[in-house]
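Following: one structure in structure tokens, then a few remarks.
No lab work stands behind these numbers, since they all come straight from the coordinates. Keep in mind that this is a model prediction, so the values were computed, not measured.
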Amino acid sequence: MKLDVKTLTTGLQFHGEVEGKRQRYFVLSSARQYFVMSLSRSKRDAGNFNLVGKASVERLHRRLRGRRALTARLVYERSKRGVPSALVALNMLYVLVATGRASIDQRRLAAREIFFNVKA
């Protein structure tokens, strides 16, 4: 059986795809949370997903509006609450990119980390 994102996510709203360093992420949402999903490139019928609360993403967006050259680690380290790990921060930034409220800085693609620019 071939794994298909569309059949797995029936009833969820699709927001977009984000190309990370090693994976492509699909961002979908329900009423209260975002689903950040990825399919494995090496293992057939395998993938991963993470849940991110919509309220947390909205709070983060309000706080970061207009900022440039942000990394997940920087967001996590400067966050006082609401961002429990750098992985959660990365997923929140992917949600902002998929929903059009941030972009990946194309000038820094060769860097080890992904740099994000949040729109004002």
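With viscosity set to 1.567 mPa s at 4 °C, what whole-number translational diffusion coefficient in µm²/s follows for segment 11-74 from Stokes-Einstein and a Kirkwood radius over Cα pairs?
My calculation gives 97 µm²/s for D.
Normalised by the number of residues in segment 1-103, what is the relative contact order in percent for Cα pairs under 8 Å and 6+ residues apart?
Normalised by residue count, the contact order of segment 1-103 is 22 percent.
For the chain, just list the percent of Cα-Cα distances falling in each 10 Å bin from zero outward, please.
13, 46, 32, 9, 0
Under 15 Å from the Cα of Lys119, which aspartates and glutamates turn up, not counting those fewer than eight places away in the same chain?
Of all the aspartates and glutamates, those that pass the test against Lys119 - Cα under 15 Å, at least 8 places apart if same chain - are Glu58, Asp105.
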